[in-house]
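The values are calculated or read from the model by the stated rules, or taken from the named source; none is laboratory data. Since the structure is predicted, the reported quantities are computational estimates derived from the model, not experimental observations. Virtual Cβ from ideal backbone geometry, glycine too; neighbours counted across all protein chains shown.
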Amino acid sequence: MICFHGTPFSGTVYDILPFFKDRNFLISMQYPQYGFVVKKEAARIILDNGAYTIWKKGKGCIDISKYTDFVKEYDYLDNYSWCFIPDTIEGTVSQNDKQIETWLNLYGNYKSVPVWHYHEPLERLYQLSLEFPVVALGSSAEYSKIGDYKWMERTKEIFNYASTNFPKCKLHGLRMLNKRIFTLFPYYSGDSTNVGRNIEFYRRRHRIPTRLLAAEQLANSFEKYKSTFNYEEID
């Protein structure tokens, strides 16, 4: 299981700079200020277009041209892994297919990962698996609350379908670094802003002397766990 830590981080980043060494990070176009450290220190980098932030605010849309320029700031790096293709979280299949088409025409398919949404047909997930080596899974609509009963049942359906129809496609879980979730399903990778958002709360709660130690301990608390997918076999 490859764990990507999302940005931003609460408080200053300068007193936790060693935390970034040889870890994996997701950099959002919404918070590009962390790029200076991850470019140099991170083991792997993935890029996000900010669709979740837009969805939560309930307004706006992704500036694809701006996102293309953002991706080009990273795609030459050795530690660059991929970027998420722009999507509309509760959009229709045709809307999201159109965004993929626009992205491929504008940027190309180089290390580009599409997002499949939980409310979309499983057949679309299959089609994406034929075109891309990695597909991201995004919670949406009636399945937007990660971990509840309806979400768990849909996730079981997804992975049962995937294991039968495309067992070697790498599935990435968006906002899914809860060990009570990713240890149950064969994710290739996942991301979360858990450390970034909760570092100071975690430090105070556990009386940890520094933010750096708090970040490391919090990250280690779920990095030590694995999904049931052995990605080393097919890398």
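Test of understanding: among Tyr14, Tyr31, which residue is touching a Pro at 6+ places or on another chain (Cβ under 6 Å), modelled with pLDDT under 95 and not polar (S, T, N, Q)? Steps first, please.
Values: Tyr14 fails: touching a Pro at 6+ places or on another chain (Cβ under 6 Å).
Answer to the check: Tyr31.
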Hits in the range 112-130 (condition: in a helix (DSSP H, G or I) and farther than 23 Å from Gly147 by Cβ): Glu123, Arg124, Tyr126, Gln127, Leu128, Ser129, Leu130
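Among what's in the range 1-28 and is of a type in the set (A, V, I, L, M) and touching a Leu at 6+ places or on another chain (Cβ under 7 Å), pick the residue that is surrounded by the fewest Cβ atoms within 10 Å (Cβ to Cβ).
Narrowing the range 1-28 to residues of a type in the set (A, V, I, L, M): 1-2, 13, 16-17, 26-27.
From what's left, touching a Leu at 6+ places or on another chain (Cβ under 7 Å): 16, 27.
Values: Ile16: 21, Ile27: 26.
Among those residues, the one meeting the criterion is Ile16.
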Of all residues making up the range 191-208, the number that are farther than 14 Å from Phe25 by Cα and in contact with a helix residue (DSSP H, G or I) (Cβ under 8 Å, 6 or more places away or on another chain): 7
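Hey, can you tell me all the residues within the range 126-162 that are among the hydroxyl-bearing types (Ser, Thr, Tyr) and either in contact with a Lys or Arg (Cβ under 6 Å, 6 or more places away or on another chain) or surrounded by 12 or more Cβ atoms within 10 Å (Cβ to Cβ) (or both)?
So in the range 126-162, the residues among the hydroxyl-bearing types (Ser, Thr, Tyr) come out as 126, 129, 139-140, 143-144, 149, 155, 161.
Of everything in the range 126-162, those that are among the hydroxyl-bearing types (Ser, Thr, Tyr) and either in contact with a Lys or Arg (Cβ under 6 Å, 6 or more places away or on another chain) or surrounded by 12 or more Cβ atoms within 10 Å (Cβ to Cβ) (or both) turn out to be Tyr126, Ser129, Ser139, Ser140, Tyr143, Ser144, Thr155, Tyr161.
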Failed item in (1) modelled with pLDDT of 95 or more; (2) touching a Gly at 6+ places or on another chain (Cβ under 9 Å), with Ser189 passing the rest: (1)
Check on Gly35, surrounded by 13 or more Cβ atoms within 10 Å (Cβ to Cβ), within 30 Å of Ser221 (Cβ to Cβ) and not polar (S, T, N, Q): yes
Lone unmet requirement of (1) surrounded by fewer than 18 Cβ atoms within 10 Å (Cβ to Cβ); (2) under 14 Å from Ser112 (Cβ atoms) for Phe70: (1)
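In this structure, does Ile89 turn out to be under 18 Å from the mean Cα position of the chain (by Cα) and over 23 Å from Leu184 (Cα atoms)?
Values: under 18 Å from the mean Cα position of the chain (by Cα): yes; over 23 Å from Leu184 (Cα atoms): yes.
Answer is yes for this residue.
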